[in-house]
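Q: Here's a structure for you.
The values are calculated or read from the model by the stated rules, or taken from the named source; none is laboratory data. Small disclaimer: the values here were computed from a predicted structure and weren't measured. Backbone-built Cβ (ideal geometry, glycine too); neighbour counts: all protein chains shown. Note: areas computed on protein heavy atoms with side chains; ligands, DNA, RNA excluded. Shrake-Rupley method; radii C 1.70, N 1.55, O 1.52, S 1.80 Å.
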Amino acid sequence: MDVVPPKTHEEKCVGPESEQAGKAEACQDCPNKTICETKPKGPDPDLAEISERMSKIKHKILVLSGKGGVGKSTFSSQLTLGLADLDKDVGILDIDICGPSIPKILGLEKPEDAVHMTASGWEPVYPRDNLAVMSVGFLLNSVDDAVIWRGPKKNGLIKQFLKDVLWDEMDYLIVDTPPGTSDEHLSITQYLKNGITGAVVITTPQEVSLVDVRKEINFCRKVGIPIIGVVENMSGFVCPKCKNETKIFLPSTGGAVKMCRDLNVNFLGSIPLDPLIARCCDEGKSFILQAPESPASKAYFQIINRIIGYVENGVRNFEQ
């Protein structure tokens with residue numbers, strides 16, 4: 001006789017908004033029992049206000065990664081800059097509360113690069129007329145300050161970013177998330193409800209990264225986020241002199257291409273390593289504008305165009 005493993009708390013959870021939250025049988029040995037028991041029941045009254053604010057934005061894209069250090073924030077910033085270069089009205093929201101790197105990558109660390117509070121809400125930072133940026137990094141006294149917050153405080157700030165920031169009408173909002181599937185991911189999913197256009201998942205070729213990306217893809221499917229596709233970052237090294245590419249992280253299990261084929265997910269493309277990418281991020285410059293002929297820049301442009309094709313034209317399959 002086969003042994004059927006018991007369902008996890010998540011699979012049996014009645015949901016924090018349910019009248020049975022904290023009381024149902026599934027709640028009795030759940031570590032969040034007390035929180036759900038004492039939390040006000042019913043729908044969050046702020047969701048309607050968030051929905052109205054976000055209705056000005058046509059497409060909302062999450063950039064996810066299962067593991068840290070795969071270049072997710074770098075990709076988020078280059079995707080945002082690339083869309084802005086194509087005359088799209090775009091914003092980027094950094095919800096990596098404990099590790100906000102978007103202000104640094106975009107070169108927004110001067111005193112004048114500050115969020116202004118008005119009677120209507122927070123004004124995001126505008127490095128360009130068609131580019132809005134919001135991050136907890138703008139709210140810290142020093143770039144070296146540590147954000148040591150538990151989940152509820154992180155969730156509260158993410159809600160403020162969606163509800164109280166004066167987002168204008170935009171074509172795209174890119175949401176740069178922390179690695180994994182934790183509080184920030186659950187919060188953004190809950191607050192945006194069905195308003196998320198899709199997710200772009202970033203990985204590197206080796207199995208140690210792919211193993212966590214598979215979990216990220218399963219997370220998206222469980223919470224109903226459409227998956228635009230997977231990007232394989234750091235797929236090779238581009239020599240700054242001869243421009244030839246060498247594989248650094250060998251895809252021991254077939255890399256992202258095979259994983260996407262196995263999981264029936266779009267593969268958006270591979271981006272090779274280029275030393276200028278790191279330098280541009282440190283100096284707050286657009287890599288795509290600094291090195292348009294680099295193989296990495298060409299890969300970015302191809303991936304950006306595929307994302308636009310998916311979002312705006314309904315393209316669901318990409319030729320490799």
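Q: Can you give me the long-range amide H partners of ILE227? Hydrogens built in the peptide plane at 1.01 Å from N, cutoff under 5 Å, separation of 5 or more residues or another chain.
A: Residues meeting the amide H criterion: ALA199.
Q: Of the chain, which part is the longest with no trypsin sites (Lys or Arg not before Pro) in a loop (DSSP not H, G, I, E, B) and with at most 14 other C-beta atoms within 10 angstrom?
A: Details: sites that count: LYS7, LYS23, LYS41, LYS56, ARG150, LYS193, LYS241, LYS243, LYS247, ARG316.
By the stated rule (loop sites, at most 14 other Cβ atoms within 10 Å), 57-149.
Q: Run the quick spin-label model on ASP46 and LEU186: label points 7 Å from Cα toward the beta carbon, then report their separation in nm to one decimal.
A: 1.6
Q: For region 230-320, what's the relative contact order in percent, using C-alpha pairs closer than 8 Å and at least 6 residues apart? Show your work: numbers first, answer last.
A: Values: 108 pairs, mean separation 27.2, N = 91.
Relative CO of region 230-320 lands at 30 percent.
Q: Please list, ordered by chain and number, the residues whose modelled amide H lies under 5 Å from the amide H of ILE57; skip anything fewer than 5 residues away on the same chain.
A: Long-range HN contacts for ILE57: MET170.
Q: Let me ask something else about it. Express the C-alpha Rg of the chain as a ratio against the empirical globular expectation 2.2 N^0.38 Å, rounded to two decimals.
A: So the chain has a normalised radius of gyration of 1.03.
Q: Taking 0.36 nm per residue of sequence separation and subtracting the Cα-Cα distance, how much length would be gained by fully extending the chain between LEU140 and LYS258, in nm to one decimal?
A: 38.3 nm
Q: Distance from a point 7 Å along Cα→Cβ of GLU283 to each backbone N in region 228-253: keep the residues under 17 Å and list them by number.
A: 240-241
Q: Per residue, how many Å² of accessible area does region 138-177 show with a 1.4 Å probe?
A: Numbers: 2020 Å² over 40 residues.
Ligands and nucleic acids excluded, the figure is 51 Å² per residue.
Q: Further question: Which three extents, in angstrom, do the Cα atoms of region 95-196 have along their principal axes, listed largest first?
A: Result for region 95-196: principal-axis Cα extents of 33, 33, 27 Å.
Q: Towards the positive end of the charge dipole of region 29-88, with charges on Cβ (+1 Lys, Arg; -1 Asp, Glu), say which of SER51, LEU79, ASN32 has the farthest Cα.
A: Going by the charge dipole, the pick is LEU79.
Q: Continuing with this model, one more query. What length, rounded to one decimal in nm, is gained on full extension from TRP149 through to ASN194, with 0.36 nm per residue of separation minus their alpha-carbon distance?
A: 13.5 nm
Q: Which cross-chain or sequence-distant (5 or more) residues have an amide H under 5 Å from the amide H of VAL165, H modelled 1.01 Å from N in plane?
A: Residues meeting the amide H criterion: TRP122.
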